[in-house]
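**Student:** Let me begin by handing over the structure; questions about it come next.
The values are calculated or read from the model by the stated rules, or taken from the named source; none is laboratory data. Quick caveat, the model's predicted, so the values are computed rather than measured. In this analysis, Cβ positions are derived from the backbone assuming ideal geometry, glycine residues included, and neighbour counts consider all displayed protein chains. Accessible surface areas use protein heavy atoms only, side chains included; no ligands, DNA or RNA. Shrake-Rupley method; radii C 1.70, N 1.55, O 1.52, S 1.80 Å.
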Amino acid sequence: MATLLRSKLSNVATSVSHKSQAKMSGMFARMGFQAATDEEAVGFAHCDDLDMEHRQGLQMDILKSEGSEEGGEPPLEGDIHYQRDGTGPRPPSASKEACSELAGQGKPKITAWEAGWNVTNAIQGMFVLGLPYAILHGGYLGLFLIIFAAVVCCYTGKILIACLYEENEDGEIVRVRDSYVDIANACCAPRFPTLGGRIVNVAQIIELVMTCILYVVVSGNLMYNSFPNLPVSQKSWSIIATAVLLPCAFLKNLKAVSKFSLLCTLAHFVINILVIAYCLSRARDWAWEKVKFYIDVKKFPISIGIIVFSYTSQIFLPSLEGNMQNPKEFHCMMNWTHIAACILKGLFALVAYLTWADETKEVITDNLPSTIRAVVNIFLVAKALLSYPLPFFAAVEVLERSLFQDGNRAFFPNCYGGDGRLKSWGLTLRCALVVFTLLMAIYVPHFALLMGLTGSLTGAGLCFLLPSLFHLKLLWRKLLWHHVFFDVAIFVIGGICSVSGFIHSLEGLIEAFRTNAED
């Protein structure tokens with residue numbers, strides 16, 4: 001009886017520990033589809049519970065209780081539990097097939113079409129509204145860059161997933177990693193086992209916070225241009241938008257928000273169609289002579305960041321691939337989603353620029369006639385406000401885990417009490433993050449510059465540089481020569497574009513900041 005009681009207590013303690021591990025690992029899954037954010041994969045919020053259940057079930061093994069090991073009473077049915085890290089011994093009576101079948105239970109999977117919807121949602125978001133502005137400064141080279149970015153992001157997405165797998169002793173290809181962070185840590189091991197994960201986390205936080213800032217900027221911009229006769233400035237509209245967003249600091253989950261976000265995403269596709277339809281109605285006036293091969297040397301690097309940022313989806317791809325019913329369909333799914341994105345983005349950017357030519361604005365809907373501009377912009381503002389909680393919540397979780405809840409490695413005390421409630425000072429920090437996004441939006445209210453800076457800094461890093469570097473580091477012995485060539489070429493070209501775009505975007509932001517400070 002004593003042995004059985006000790007076994008039960010051990011099981012309860014282990015179960016609590018595993019729930020904590022699963023919650024931690026699920027964070028990156030949620031963070032991934034929100035980073036992408038962005039806007040990045042708004043529809044992927046519906047897979048929140050799916051990701052948690054999947055990651056809790058990874059590498060499950062049934063543990064034997066101590067009573068059975070010591071020859072005592074057999075464990076009760078409720079005493080059998082799972083261990084995520086796979087270190088627990090497997091019962092002799094359970095075959096490998098039976099354990100595998102048991103581990104697969106309770107893990108809902110998504111089809112290739114559902115996975116494709118999530119990827120499309122990430123790379124076809126409202127940030128495509130800035131692509132015509134990229135054509136303004138790049139001409140035909142901007143169109144080529146839209147195609148080139150699609151090809152490269154599709155390739156790096158595939159090689160990033162390849163880094164999740166390794167060959168075991170039997171020669172079988174098995175999944176040994178779960179996330180982008182795991183890949184980064186594996187590349188830096190054994191000398192710096194956590195350095196890679198920290199770098200990826202910092203890049204993710206920057207991209208998530210910048211995405212939140214962009215939502216505030218675009219909300220203020222759209223409302224100001226929709227009602228120019230009202231005595232309300234763009235900064236005032238941004239403050240009003242932030243006041244609406246302040247309750248995000250109290251968020252505990254995103255289930256309710258994700259439902260509205262899906263509706264707004266569908267509305268956004270309708271808005272894109274309306275913009276294209278209006279442009280087609282003015283096809284006779286298209287300014288083909290304005291589309292040239294020359295580029296604006298000072299502003300085109302910013303366009304590179306804008307285009308790259310519109311394709312970012314790599315953060316949540318590992319979680320997405322792990323949740324697919326048939327992971328072998330991942331490559332095919334990536335092909336058709338990026339081909340479709342390339343065609344739609346290219347057509348949208350081209351016809352919009354041909355319609356307004358040199359008058360093309362940073363947010364293309366500002367060029368629409370006042371009769372329909374207000375309606376379209378209000379829908380876009382609603383979409384931006386309902387999309388803001390996704391990257392905000394993800395950024396908060398990453399910050400809380402790394403700074404306040406990382407056990408003995410945490411830099412600050414735990415921001416949650418013993419009952420699981422958020423402490424008052426923790427809530428204050430959340431509110432401060434919302435206010436920070438407002439201050440950035442007020443002092444640098446330039447959608448294109450912020451988007452170009454984010455795309456050049458974190459977008460190029462997470463989509464171009466790191467995947468190719470990790471692929472070479474982990475799998476270089478098995479790569480064919482043309483794969484090595486592609487990886488090196490992407491790393492070099494991506495590095496050049498990233499540095500150039502970052503410098504020019506930063507110069508533009510500093511100049512804009514000084515101008516606003518003087519005013």
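**Student:** Check off (1) of a type outside the set (Val, Ile, Thr); (2) open to solvent by 10 Å² or more (accessible area, probe 1.4 Å); (3) under 22 Å from the mean Cα position of the chain (by Cα) for ALA184 and give me the number that stays unchecked.
**Tutor:** Every listed condition holds for ALA184 apart from (2).
**Student:** Still on this model: Please work out which one of (1) open to solvent by 10 Å² or more (accessible area, probe 1.4 Å); (2) touching a Leu at 6+ places or on another chain (Cβ under 7 Å) is the condition ALA394 fails and give its number.
**Tutor:** (1) is the only condition that ALA394 fails.
**Student:** Starting from the stretch 239-259, take each residue that is open to solvent by less than 20 Å² (accessible area, probe 1.4 Å) and list its partners that are at pLDDT 70 or above and hydroxyl-bearing (Ser, Thr, Tyr), counting only C-beta distances under 7 angstrom and pairs at least six apart or across chains.
**Tutor:** Cβ pairs passing all conditions: ALA241/SER219; LEU245/TYR388; CYS248/TYR388.
**Student:** I'd like to verify a number: residues in the stretch 304-324 that are at pLDDT 85 or above and within 15 Å of THR458 (Cα to Cα), how many? So that I can check it myself, show each step before the final result.
**Tutor:** So the first thing to find is which residues in the stretch 304-324 are at pLDDT 85 or above, and the list is 304-314, 317-318, 320-324.
Next, from what is left, pick out any that are within 15 Å of THR458 (Cα to Cα): 304-314.
Qualifying residue count, the stretch 304-324: 11.
**Student:** Return the total of residues in the stretch 378-401 being over 18 Å from the mean Cα position of the chain (by Cα) and of a type in the set (Gly, Ala, Ser).
**Tutor:** 1
**Student:** A further question follows. Looking only at helices (runs of 4 or more DSSP H) that fall completely inside the stretch 83-164, which ones have 3 or more residues that are at pLDDT 90 or above and surrounded by fewer than 24 Cβ atoms within 10 Å (Cβ to Cβ)? Explain how you work it out, then say what you get.
**Tutor:** Values: elements: 96-104, 112-123, 131-138, 140-162.
Here the list reads 140-162.
**Student:** Please state which one of THR312, THR355, THR365 is β-branched (Val, Ile, Thr), touching a residue at least 24 places away in the same chain (Cβ under 8 Å) and in a loop (DSSP other than H, G, I, E, B). Please lay out each step first, then the result.
**Tutor:** Working: THR355 fails: in a loop (DSSP other than H, G, I, E, B); THR365 fails: in a loop (DSSP other than H, G, I, E, B).
Result of the check over THR312, THR355, THR365: THR312.
**Student:** A further question on this structure: Out of ALA287, ALA341, report the one residue that is touching a residue at least 40 places away in the same chain (Cβ under 8 Å), among the aliphatic types (A, V, I, L, M) and surrounded by 14 or more Cβ atoms within 10 Å (Cβ to Cβ). Break it down into steps so the answer makes sense when it comes.
**Tutor:** Numbers: ALA287 fails: surrounded by 14 or more Cβ atoms within 10 Å (Cβ to Cβ).
Going through ALA287, ALA341 in turn, the sole match is ALA341.
**Student:** On to the next question. Going by the conditions given, is ILE302 β-branched (Val, Ile, Thr) and surrounded by fewer than 18 Cβ atoms within 10 Å (Cβ to Cβ)?
**Tutor:** no
**Student:** Which one of PRO327, PRO318 is in contact with a Lys or Arg (Cβ under 9 Å, 6 or more places away or on another chain), surrounded by 21 or more Cβ atoms within 10 Å (Cβ to Cβ) and more than 14 Å from ILE135 (Cβ to Cβ)?
**Tutor:** On the way: PRO327 fails: surrounded by 21 or more Cβ atoms within 10 Å (Cβ to Cβ).
Selected residue: PRO318, the only one of PRO327, PRO318 that is in contact with a Lys or Arg (Cβ under 9 Å, 6 or more places away or on another chain), surrounded by 21 or more Cβ atoms within 10 Å (Cβ to Cβ) and more than 14 Å from ILE135 (Cβ to Cβ).
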